[in-house]
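The structure under discussion appears below in the form of structure tokens.
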Amino acid sequence: MLSMKNEHQKSISLGQLAQLMEGQADQQAELLLTGIAPISQAQHGQITFLSGAKNYQHHLESLKNCRAAAVIAPLEAPELNLPTIRVKNPYYGLVRALEFFYPVERPKYGIHPTAFVSENATVADDVVIEANAVIEDGAEVGSGSWIGAQALVGRKARVGVQTRIFPGVRILDGCEVGSRCIIHANAVLGSDGFGFTPHAGGQLKVPQIGNVVVEDDVEIGACVTVDRGTMGPTVIGCGTKIDNMVHIAHNVVIGKNCTIVAQVGISGSTIIEDNVTLAGQVGTVGHVRIGHDTVVAARGVVTTDVEPGSFVSGFPIKPHQEERRILAALRKLPELVKKVRDLEKKSSAKEE
Amino acid sequence: MLSMKNEHQKSISLGQLAQLMEGQADQQAELLLTGIAPISQAQHGQITFLSGAKNYQHHLESLKNCRAAAVIAPLEAPELNLPTIRVKNPYYGLVRALEFFYPVERPKYGIHPTAFVSENATVADDVVIEANAVIEDGAEVGSGSWIGAQALVGRKARVGVQTRIFPGVRILDGCEVGSRCIIHANAVLGSDGFGFTPHAGGQLKVPQIGNVVVEDDVEIGACVTVDRGTMGPTVIGCGTKIDNMVHIAHNVVIGKNCTIVAQVGISGSTIIEDNVTLAGQVGTVGHVRIGHDTVVAARGVVTTDVEPGSFVSGFPIKPHQEERRILAALRKLPELVKKVRDLEKKSSAKEE
Amino acid sequence: MLSMKNEHQKSISLGQLAQLMEGQADQQAELLLTGIAPISQAQHGQITFLSGAKNYQHHLESLKNCRAAAVIAPLEAPELNLPTIRVKNPYYGLVRALEFFYPVERPKYGIHPTAFVSENATVADDVVIEANAVIEDGAEVGSGSWIGAQALVGRKARVGVQTRIFPGVRILDGCEVGSRCIIHANAVLGSDGFGFTPHAGGQLKVPQIGNVVVEDDVEIGACVTVDRGTMGPTVIGCGTKIDNMVHIAHNVVIGKNCTIVAQVGISGSTIIEDNVTLAGQVGTVGHVRIGHDTVVAARGVVTTDVEPGSFVSGFPIKPHQEERRILAALRKLPELVKKVRDLEKKSSAKEE
């Protein structure tokens, strides 16, 4: 597996790695580690990790036959058969270890000779702009940002600092992406909103003159489409993470630190407050408000405003527990039909 | 908001603007207007608009504190506190005002030096072909059309006149797009239909040798995929508007003036007659016919032919009113299960 | 219809064509054929075909007025009014005829002058690399492969032999595509998996250092996204066919000869064994295993492990027959509510 090789041959002592992840090594602080891998794949010299997930007991068991040299484990884990770094959140430990052993490698050239950068664009000195990327008139690309091959930063579009734009992304005219964002391949920011008005027997296009504003620390998945506002912006708030193939219509406003899972569709002018989770394949009608800290379970369809802190599911959405009761009752429905028929027969028999 | 500035500094008198939208200014025909914006955002010198939408009363109220210089309103609106242009359809007024204040700006160059245009392509004199676009052998691009950056017009593909192809669109070999169309970023016209036949323990590909024909005045959203026919074309009829991320399979035929909302999936050989609306995330099985002037509500799954003029929803689709009754009854289902249990108990108690 | 012309003017005798498709011509083996078309469109000199599909009787009838010179028919077809090639699987006959009359034409150039091929890439002599394609450092492209316009083969990515990559595809760094694969336009292989862990009030990205491995003979649709594994690969097994706009999350493992229809979403670490069919718009939760030879009907949501050989549907999935009974019973639900109300009235009336 080519991309899992630690090609930099980086190594670190158990003690130093523990420090990186703000954890505690229980022994052998000098032990040299050369990589990280899951329990089932870890090799001699690598560290593995034990997460607090639902298969915890199973993982604990597997550890006994693991070839790893050490393990990252949650504080509450029992005594283990390997040198252990204990951390509050083992995933945090995993992140720091992955960052250490497999750092992202930026190409060494600045602007690739085949890229087109308009002389009217403003591009920081330390950017990377890959092959066949296009940076249009009036565009801005901030310090440390990295524009992938065949990506587009449109006219007067802006990309902040330390942002990575993957190949084939289209940041269309006038759209703005903040700092430390990651936009995955073939995503589109700033397609026209879907707006028409009946006219002369057909449908007349309502010009879409707004833009898209992606705030800082946002991640947007591959083949996501975010439409520009009709007037004013469509907004993706700071820290929000969006999975692949999500559709976000015009004038949607998404708050901070939301999680939008794959294939969700959000209709026009919907307002999503902070810390909302929309699970996979959720849909919303337009012009609704989803209160902060709400979770909409997979496949739910949001048809009305949702109170903050809700946990809802189904079509139309209901409290999740109610939806579960309905789904459970549904399995009894065919039998129920029969039972009622029987009751009716008995009832009318008595009447006779 | 960069893209909402009226950068052309265009201005127009209230009377002239009323003429553009075939409406009537009630006073101050000489009043000079410099832009248009929603009620809550309009600034001094701008015109705003009052739509006939469901929040009409709320908008009427907001108008009282609006800083706009004038307002576009429906004929039936009451006397307002601002100079007013009355029009039958305020959205029509909005369109004309947006078109005036924010005209689409075409790049001044014709063919960008980094574009590749085959010497065997036929390209009108007045086209725009943006950076890194590719126009292949035998392709045609009609007068006034505009091919976006990094877009492809494949071999023997055709684009009509006054059509706009956004960045990253792939019009694959032999596919045809009519006149005055708009194809949004990263859409694909002419991917192979999904056709296989069992052979030798695996699946043998059925060559897909048809094409895609997009008629005039069609708009197609970002990341839409339209498969070419197995034999013969997949057709999108005149005036049809398609939102983002819609999947249209091989040999589908869509009629005129249809509206296909985001994330719809249309299976192979489905026929959709004129003026049909498929709301968001609808699906269809293959080989069905959806009669003209039908509406399929959001998330519906079309499993059979649909009579013209239907309003259907659900999976499988039913008359919309029936589906609503079912969804309402579903909320009573867990209780119903209990009630039937009680009735059974009573009934058997009596029998004893 | 431009793309249906037999531009090569190829012709073949009925007898030879029968041989190509391992079938039997019943008469006039010398008859010269110039193309193939559906019954309703076939012209003089062309062969048509009669499939075993559900409209078989209708097709049989249509054959009487068909202008074709001959017909491909299943072994069990009755005596027909045209010279006939009988084959076990008429679709197999169709495939061989389509391949003969409409062979795929490869561009004659090898590497297009506008393509960028890194000097550190390894590219076979007989490849086609179209306009503005990019082949990065350390990439490999095998013999006979064909990289479409504006497509990307990333750093250390690998493409096997005889594989066709359509325009705009992104094979991101370190990902691998086997031999005889077809990847359709604007698909993305190797976008980051969607993995975060809570940290400091926000969400910290878990680096995704795995890759995507697409085995041999796989077809992947337009705008499909396949995420790279967090650690280790996301795998698409030999012979699997994937329709447009399917989302495949990190560390999913799909077996051999599966069929994944359009707009399916597969959550992380799901294991799909061999010969599984997921129909359109199906979803799965993460970490489930779907046994071999299973069919999940359209729109189903897989929420638990599925036994091999199952046929399931609904949300959550159930045996397909059970789901059908539930859907049938649902239409009686509003009436059922009323019936139970009536029974209750009668019951309490008796009690009084």
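Values quoted throughout were computed directly from the atomic coordinates according to the rules given, and no laboratory measurement underlies them. Since we're looking at a predicted model, the values are computed, not measured. Counting neighbours? That spans all protein chains shown, and the Cβs are built from the backbone with ideal geometry, glycine included.
May I ask for the distance between the Cα centers of the stretch A:100-158 and the stretch B:250-288, given as a whole number of Å?
One Cα centre to the other: 39 Å.
Among B:257-270, C:242-255, how do they line up by average Cβ neighbours within 10 Å per residue, starting with the highest?
On the way: B:257-270: 24.3, C:242-255: 26.8.
Those peptides, ordered most packed to least, come out C:242-255, B:257-270.
Have a look at B:292, B:145, B:212 and report the one farthest towards the positive end of the charge dipole of the protein assembly as shown, computed about the Cα centre with Cβ charges (Lys/Arg +1, Asp/Glu -1).
B:292
Just how many % of Cα pairs in the stretch B:136-277 lie over 25 Å apart, if you round to the nearest whole percent?
The share of Cα pairs beyond 25 Å in the stretch B:136-277 comes to 21 percent.
Using Cα pairs closer than 8 Å and at least 6 residues apart in sequence, work out the relative contact order for the stretch A:294-352, in percent. Let's see the in-between values first.
Details: 51 pairs, mean separation 13.4, N = 59.
Contact order relative to length: 23 percent.
Dividing the Cα convex hull volume of the stretch C:214-263 by residue count, how many Å³ per residue is that?
Cα convex hull per residue, to the nearest whole number: 54 Å³.
Compute the Cα gyration tensor for the protein assembly as shown, then decide on rounded, prolate or oblate, letting a ≥ b ≥ c be the square roots of its eigenvalues: rounded whenever a/c is under 1.5, prolate when a/b is larger than b/c in the other cases, and oblate in all that remain.
rounded
Can you list, largest first and rounded to whole Å, the semi-axes you get for the stretch C:138-190 by taking the square root of 5 times each eigenvalue of its Cα gyration tensor?
On the way: eigenvalues 36, 34, 15 Å².
Each semi-axis is √(5λ); the values are 13, 13, 9 Å.
Over the stretch A:257-298, what relative contact order in percent results from Cα pairs under 8 Å that are six or more residues apart?
Averaging sequence separation for qualifying contacts and normalising by length gives 42 percent for the stretch A:257-298.
Let me see the pair-distance distribution of the stretch C:296-352: every alpha carbon pair, 5 Å bin width, integer percents in order.
5, 17, 18, 14, 10, 9, 9, 8, 7, 4, 1, 0
Using +1 on the beta carbon of Lys and Arg, -1 on that of Asp and Glu, and nothing else charged, what's the dipole of the protein assembly as shown about the Cα centre, debye to 20?
The calculated dipole for the protein assembly as shown is roughly 2860 debye.
Which loop chymotrypsin sites (Phe, Trp or Tyr not before Pro) in the stretch A:95-169, with loop taken from DSSP, have no more than 15 other Cβ atoms within 10 angstrom of their Cβ?
In loop regions of the stretch A:95-169 (DSSP not H, G, I, E or B), the sparsely surrounded chymotrypsin sites (Phe, Trp or Tyr not before Pro) are A:109.
Hey, can you rank A:122-134, A:285-297, B:156-168 by average C-beta count inside 10 Å, highest first?
Order by mean packing, descending: B:156-168, A:122-134, A:285-297.
Can you list the copy-to-copy distances for residue B:350, using a point 7 angstrom from Cα toward Cβ, in nanometres, shortest first?
The projected label point of residue B:350 is separated from its counterparts by 0.1, 0.1 nm.
Between the label point of residue C:124 and that of the same position in each other copy, find the distances and list them shortest first in nm, with every label point placed 7 Å from Cα along the Cα-to-C-beta direction.
Taking the point 7 Å beyond Cα along Cα→Cβ, the inter-copy spacings are 4.3, 4.3 nm.
What is the packing order of peptides C:231-237, C:271-277, taking the mean over residues of other C-beta atoms within 10 Å and listing the highest first?
On the way: C:231-237: 24.9, C:271-277: 21.3.
Highest to lowest by the protection proxy: C:231-237, C:271-277.
Calculate how many DSSP beta bridges within the protein assembly as shown are antiparallel, expressed in % of all such bridges and rounded to the nearest 5.
Counting only bridges with both partners in the protein assembly as shown, antiparallel ones make up about 15 percent.
How much space per residue, in cubic angstrom, does the convex hull of the C-alpha atoms of the stretch A:243-303 take up?
Looking at the stretch A:243-303, the number lands at 57 Å³ per residue.
Net charge near residue A:291, counting Lys/Arg +1 and Asp/Glu -1 over other residues with Cβ under 11 Å of its Cβ?
So the surrounding residues net to -4.
Given the convex hull over the Cα atoms of chain A, what projected area results after averaging over all orientations, in nm²?
Across all orientations, chain A yields a mean hull projection of 28.1 nm².
Considering all alpha-carbon pairs of the stretch B:58-208, what whole percent are spaced by more than 27 angstrom?
48
Inside 10 Å of the C-beta atoms of C:225-235, what's the mean count of C-beta atoms belonging to other chains? All intermediate terms of the calculation are to be shown ahead of the outcome.
Working: counts 13, 2, 6, 1, 4, 3, 13, 7, 4, 0, 0.
Per residue, the number of nearby Cβ atoms from other chains is 5 on average.
Residue-wise, which Karplus ³J(HN,Hα) couplings in Hz belong to the stretch C:236-252, taking 6.51 cos²θ - 1.76 cosθ + 1.60, θ = phi - 60°, and x for glycine or proline?
Couplings: 10, x, 3, x, 6, 10, 10, 7, 5, 6, 8, 10, 10, 7, 5, 6, 5 Hz.
For the stretch A:256-352, count all C-alpha to C-alpha pairs, find those more than 16 Å apart, and express that count as a whole percent of the total.
In whole percent, the share of Cα-Cα pairs in the stretch A:256-352 beyond 16 Å is 61.
Direction-averaged shadow area of the convex hull around the Cα atoms of the stretch A:1-121, nm²?
10.3
Let me have the relative contact order for the stretch C:155-217, percent, based on Cα pairs under 8 Å that are six or more residues apart.
33
Under a Cβ-only charge scheme (Lys and Arg +1, Asp and Glu -1), can you give me the dipole magnitude of chain A about the Cα centre, in debye to the nearest 20?
Roughly 1260 debye for chain A.
Can you put C:179, B:13, C:40 in order, fewest other beta carbons within 10 Å first?
The fewest-first ordering by Cβ neighbours comes to C:40, B:13, C:179.
I need A:336, B:80 ordered by Cβ neighbour count within 10 Å, fewest first.
B:80, A:336
Please report, for residue B:331, the nm distances (one decimal) from its label point, 7 Å out from Cα along the beta-carbon direction, to the equivalent points in the remaining copies, shortest first.
Residue B:331 label point versus its equivalents elsewhere: 2.5, 2.5 nm.
Compute the length gained on full extension between residue B:22 and residue B:56: take 0.36 nm times their separation in residues and subtract their Cα-Cα distance, giving the result in nm to one decimal.
Contour length minus Cα-Cα distance gives 10.0 nm.
Can you run phi through the Karplus equation (6.51, -1.76, 1.60; θ = phi - 60°) for the stretch A:111-125 and list ³J(HN,Hα) in whole Hz, with x for Gly and Pro?
After applying 6.51 cos²θ - 1.76 cosθ + 1.60, I find 9, 5, x, 8, 6, 10, 10, 4, 5, 9, 8, 10, 10, 5, 5 Hz.
Cα-based Rg (one decimal) and Dmax (whole number) for the stretch A:48-99, in Å?
10.1, 27
Counting only other chains, and only Cβ atoms inside 10 Å, what mean value do you get across the residues of B:177-184?
Taking the mean over all residues of the peptide, I get 2.
What net charge do the residues around residue A:343 carry, taking every other residue with its C-beta under 9 Å from that of residue A:343, with Lys and Arg at +1 and Asp and Glu at -1?
On the way: positive: A:339, A:341, A:345, A:346, C:339; negative: A:342, A:344, B:344.
Its environment carries a net charge of +2.
Can you check how the C-alpha radius of gyration of the stretch C:200-290 compares to 2.2 N^0.38 Å, as a plain ratio?
Expressed relative to 2.2 N^0.38 Å, the Cα Rg reads 1.06.
Hey, got the average number of other protein chain Cβ atoms within 10 angstrom for residues in B:144-155?
5
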